[in-house]
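First the structure, in the form of structure tokens, and then the observations on it.
Values in this text are rule-based calculations from the coordinates and carry no lab data. Note that this is a predicted model, so its numbers are computed, not measured. Here the Cβ positions follow ideal geometry from the backbone for every residue, glycine too, while neighbour counts run over all protein chains shown.
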Amino acid sequence: MKTVYTIYQQPQPNGAYFYVADYADDYPTDYPQTEVAIPDEIKDGLPKFSWSDNAWHDVSDEGQAKLLSDLQKANTQLQTQNVALTKQLAEVTQSASEATEKAGKLQTQIVALTQQVAQLMAPNAQETEGK
């Protein structure tokens, strides 16, 4: 035997969004029926099945209030993380800017040193050609 839930989009006279029954294991389950069991944590609420995510949700006022509270907590955590990441990004951007500036100065020094080496080598090259 298996438990099958027939899903309704509107509440039935008893207030439920489903009808539950046990059928033989070989009974074909198809829309609008599901074998997905109602999670224990929402059985005391008002369970409603969502075909979009293939899961049960508590649509009671208490369930929706808890969902809203959980979403607000998650939003607060995400905002805190966003502030921290924005600060890190600013620090990394500043470090990158400083590193780019230092690299530019080093390139300028390398060019100057290369020119000095070329000037120092020039007399030696002329002496070698003259011999």
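Observations, loosely collected:
- Think of segment 1-68 as a dipole: +1 on every Lys or Arg Cβ, -1 on every Asp or Glu Cβ, centred on the Cα centre; then among GLN9, ALA55, ILE38, GLN9 lies furthest on the positive end.
- Full-stretch length increase - ALA37, ALA99 - with 0.36 nm per residue and alpha-carbon distance subtracted: 16.5 nm
- The calculated FRET efficiency for MET1 paired with GLN64, based on their beta-carbon distance and R0 = 30 Å, is about 0.35.
- Student exercise, the chain dipole from Lys, Arg, Asp, Glu Cβ charges, in Debye to nearest 20: 860
- Taken over the chain, lysine pairs spaced eight or more positions apart, or on distinct chains, with alpha carbons under 26 Å apart number 8.
- Stretchable slack from GLN10 to LEU113, in nm (0.36 nm times residue separation minus alpha-carbon distance): 28.9 nm
- Per-residue ³J(HN,Hα) for segment 42-51, Karplus 6.51 cos²θ - 1.76 cosθ + 1.60, θ = phi - 60°, Hz, x for Gly and Pro: 10, 4, 7, x, 10, x, 9, 8, 10, 6
- DSSP loop chymotrypsin sites (Phe, Trp or Tyr not before Pro) with at most 14 other Cβ within 10 Å excluded, longest remaining stretch of the chain: 52-131
- ALA55 long-range amide H proximity, modeled H, under 5 Å: SER50
- Between 0 and 90°, nearest 10: helix 61-130 axis offset from the chain longest Cα axis: 20
- Summed residue charge, Cβ within 15 Å of ASP58's Cβ, Lys/Arg positive, Asp/Glu negative: -4
- Under Karplus coefficients 6.51, -1.76 and 1.60, residue-wise ³J(HN,Hα) of segment 26-32 in Hz, glycine/proline x: 8, 5, x, 9, 9, 3, x
- Extension gain (nm, one decimal) between LYS87 and ASN75, 0.36 nm per residue minus Cα-Cα: 2.5 nm
- Amide H contacts of PHE18 (H built 1.01 Å from N, under 5 Å, at least 5 apart or other chain): TYR8, GLN12
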